1. Here are the criteria: (1) among the β-branched types (Val, Ile, Thr); (2) open to solvent by 70 Å² or more (accessible area, probe 1.4 Å); (3) under 16 Å from residue 133 (Cα atoms). Tell me which single one residue 81 does not satisfy.
2. For residue 169, all conditions in the list (1) within 21 Å of the chain's Cα centre (by Cα); (2) among the aromatic types (Phe, Trp, Tyr); (3) closer than 30 Å to residue 191 by Cα hold save one; what is the number of the exception?
3. Identify, from the list 115, 134, 129, the residue that is closer than 25 Å to residue 10 by Cβ and in contact with a Pro (Cβ under 9 Å, 6 or more places away or on another chain).
4. Going through 111, 160, 196 one at a time, which residue ends up being in contact with a helix residue (DSSP H, G or I) (Cβ under 8 Å, 6 or more places away or on another chain) and free of Cβ contacts under 8 Å to residues at least 60 places away in the same chain?
5. For the stretch 169-196, enumerate the residues that are assigned to a helix (DSSP H, G or I), under 30 Å from residue 121 (Cβ atoms) and open to solvent by 70 Å² or more (accessible area, probe 1.4 Å).
6. Any residue at all in the stretch 144-167 that is crowded, with 18+ Cβ neighbours inside 10 Å, under 22 Å from residue 5 (Cβ atoms) and not hydroxyl-bearing (Ser, Thr, Tyr)?
7. Inspect the stretch 156-171 for any residue being under 19 Å from residue 61 (Cβ atoms) and of a type outside the set (A, V, I, L, M) and give the result as yes or no.
Amino acid sequence: MVLISKILFFISHHGFYTVILLLVVFGGLSYLTKKGWFLIPIIPLAILNGFGGQFLNAWFLNKYGVTSTAIITSDVETNSTLNDMYIHDYEAIVKKQDGKYTTTFFSTTTAAIYPIRNSIRIPGDKDIPVKYIPGYEKNMVILYDESREGKILLQNEKLAPVNTAKTKYEADRTNKEFIEEYINALENYVKYNDDAAYKEKIEELKQELKQLK
């Protein structure tokens, strides 16, 4: 597992050198065997690594890693951009199983973040939940949804349909469609957050709906 983690860290953090390594390996095989088709995988593998290297790394670490915490010690904005946003270079310390810390580095473009999404979010929390393979702690995946910032964002996303339905309901409390939409939104939310106040509101709305029928 440690060897796999080291390989994934290298290919996800050193894309250029990975391409050079692919050229050397497959170019060497092509030269030694006199078979040109060994050159074919170079470009597809380089492209796949460029787009999916960090995602494969994130999946692997979340699947097989152990949970710990990390602290970002440096956040430097670079002149390079990704999706019209400046790329940041980070340094961090990761807490090992013996309680001691080791240093690591990553950037906006190389960070392993789970769950895997199109967006790249680095929590601003002091202690960030992470996973790593013991023995190679510098290769870590950030567990965004388990961070304080991630939990707040997730809760806000879950509450968005509730707030939308509530606005409609408060505009017209006699509209059966609005009441039903509000009830459905609340029922979906309490599946995520077992909140007694919301459950009580659901029962109130159901009574209102019965009175309108």
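The values are calculated or read from the model by the stated rules, or taken from the named source; none is laboratory data. Remember, it's a predicted structure, so these values are computed and weren't measured experimentally. No Cβ is skipped: glycine too gets one built from the backbone with ideal geometry, and neighbour counts run over all protein chains shown. Just the protein is used for accessible areas: all its heavy atoms, side chains included, with ligands, DNA and RNA removed. Shrake-Rupley method; radii C 1.70, N 1.55, O 1.52, S 1.80 Å.
1. All conditions pass for residue 81, except number (3).
2. For residue 169, the failing item is (1).
3. 129
4. Working: 160 fails: in contact with a helix residue (DSSP H, G or I) (Cβ under 8 Å, 6 or more places away or on another chain); 196 fails: in contact with a helix residue (DSSP H, G or I) (Cβ under 8 Å, 6 or more places away or on another chain).
Matching residue, one of 111, 160, 196: 111.
5. Scanning the stretch 169-196 gives 184, 188, 191, 192.
6. So the first thing to find is which residues in the stretch 144-167 are crowded, with 18+ Cβ neighbours inside 10 Å, and the list is 144, 147, 150, 162, 165.
Now drop any that are not under 22 Å from residue 5 (Cβ atoms), which leaves 144, 147.
From what's left, not hydroxyl-bearing (Ser, Thr, Tyr): none.
Checked the stretch 144-167: no residue is crowded, with 18+ Cβ neighbours inside 10 Å, under 22 Å from residue 5 (Cβ atoms) and not hydroxyl-bearing (Ser, Thr, Tyr).
7. Taking the stretch 156-171 and keeping what is under 19 Å from residue 61 (Cβ atoms), we get none.
No, there is no match, as no residue in the stretch 156-171 is under 19 Å from residue 61 (Cβ atoms) and of a type outside the set (A, V, I, L, M).
A quick yes/no check of all residues on (1) modelled with pLDDT of 85 or more; (2) surrounded by fewer than 15 Cβ atoms within 10 Å (Cβ to Cβ):
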{"site": "5", "(1), (2)": "yes, no"}
{"site": "16", "(1), (2)": "no, yes"}
{"site": "19", "(1), (2)": "no, no"}
{"site": "61", "(1), (2)": "yes, no"}
{"site": "66", "(1), (2)": "yes, yes"}
{"site": "70", "(1), (2)": "yes, no"}
{"site": "73", "(1), (2)": "yes, yes"}
